[in-house]
Amino acid sequence: MTKTIIRDQLKRPLRDLRISVIDRCNFRCTYCMPADIFGPDFAFLPRSELLTYEEIDRLARIFVDLGVEKIRLTGGEPLMRKDLPVLVGMLSKIEGLNDIGLTTNAVLLPKYAKSLKQAGLKRVNISLDSLKDELFGEINGRGVGIKPVLKGITSAKEAGLGVKINMVVKKGLNDEEIVPMAKFCKEEGLQLRFIEYMDVGSTNGWKMDDVVTKQEIFNLLSEHFLLDPVDPDYFGEVAKRYRYKDKNVDVGFITSVSESFCSSCTRSRLSANGQIFTCLFNGNGHDLKEFMRAGASDEEIRQRVISIWDGRKDRYSDERTAETAANRKKIEMSYIGG
Ligand code: SAM
Ligand code: SF4
Ligand code: SF4
């Protein structure tokens, strides 16, 4: 299959598509969906606003034809969308798509891991910010301890899925968990990725002082472990990786704040209601759902995507200041899924 390679204003190709399948979540992580804002009366998207699986599949095919090689399903909590393995099965039939992954809090994985794998899912990134029940319950805003997540990890491994662990680190909240998490993941043979706390959306009250940088985390790890740097596997690999000298396990860092990586950002994001965002920190998306529902043909949608990518100049993290973090209108993380 010959793909059309399109490049944006900064010459970056389109390679990745993150698809949010739902804006709801069974957690209320303080840094993502604070419970006081995402409360019982919060207006989540009505079902009719969510893209159907047929619509997602149709758009995914167009994106793959324009260069996308990897798709990651996300949310909200993607496993709260009914019959997610059905969507995975549809996407896995797309010729030219090399990889389908899923980012999840893992609570529902014991129920779905096997069928997701059978449907063609390759990998899961599981979010876990602490190994202490009480602290984890506080962070996830629902008082859920770590047991359900550990069960989710086990079920993913047993199903034969690749597993990585994501840990968002926020100063004064869970920085004491950095070393215990590293030890746990090393022992379990799981790649851990430390994510710098980001100013996504406008509900989490982000401050630069809350960020624990990659360098700070690395210095701390170096007091306990010997680590060698690992070369990136491909252009645009987001995590900066290291490998333990005494075990073939990697640990990575997502350095969106301290060492931005916009120059190699090949990611586009499709929100649950069918808007395309060309940066995690955009305020507005480009609506493909209404266009599609008004009867646009594949070719018309394709031309629209080409023109959106052609106009892309985003490099928010390269330019972040306290002022942009506080004042720019940005979409919420639970809406486009990280
Ligand atoms: N619910 C799923 C989960 O938590 O894995 C998928 C969606 S969640 C929005 C995707 C990832 O974004 C998670 O790993 C989460 O920890 C991360 N995330 C959310 N808010 C963040 C923030 N303010 N800074 C950095 N990472 C964040
Ligand atoms: Fe839900 Fe994931 Fe956001 Fe936590 S980070 S509130 S699990 S969407
Ligand atoms: Fe990509 Fe925007 Fe993040 Fe830069 S800030 S890496 S352009 S998503």
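The values are calculated or read from the model by the stated rules, or taken from the named source; none is laboratory data. Predicted, not measured: the structure shown is a model, and the values here were computed from it. Counting neighbours? That spans all protein chains shown, and the Cβs are built from the backbone with ideal geometry, glycine included. Only protein heavy atoms, including side chains, enter the accessible area calculation; ligands, DNA and RNA are left aside. Shrake-Rupley method; radii C 1.70, N 1.55, O 1.52, S 1.80 Å.
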The range 50-108: GluC sites (Glu not before Pro) in DSSP loop, at most 15 other beta carbons within 10 Å: Glu95
Net +/- balance of residues flanking Val68 in space, Cβ distance below 9 Å, scoring K and R +1, D and E -1: 0
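With runs of 4+ DSSP H residues as the only contributors, calculate the mean residue ellipticity of the chain at 222 nm using -39,500 (n - 2.57) per run, divided by the residue total and rounded to the nearest 500.
Using -39500 (n - 2.57) per qualifying helix, the result is -8500 deg cm²/dmol.
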Apportionment of accessible area to carbon and sulfur, the chain, percent (1.4 Å): 50 percent
Point-charge dipole on Cβ atoms (K/R +1, D/E -1) for the range 68-183, about Cα centre, debye to 20: 360 debye
Prolate/oblate/rounded call for the range 133-271, Cα gyration tensor, a/c under 1.5 rounded: rounded
Ordering of 165-173, 326-334 by burial proxy (mean other Cβ atoms within 10 Å per residue, highest first): 165-173, 326-334
Label-point separation, Lys157 to Leu226 (7 Å along Cα→Cβ), nm: 2.5 nm
Potential extension, Thr52-Arg328 segment - 0.36 nm per residue separation minus Cα distance: 96.3 nm
Inter-part distance where the range 270-338 and the range 16-70 are each reduced to a Cα centre, Å: 13 Å
Cysteines in the chain lacking a second Cys C-beta under 4.7 Å: Cys25, Cys185, Cys262, Cys265, Cys279
For the range 261-331: accessible area per residue (Å², 1.4 Å): 44 Å²
Long pairs among Lys82/Lys330; Lys70/Lys330; Lys70/Lys114; Lys170/Lys207, criterion Cα-Cα beyond 19 Å: Lys82/Lys330; Lys70/Lys330; Lys70/Lys114
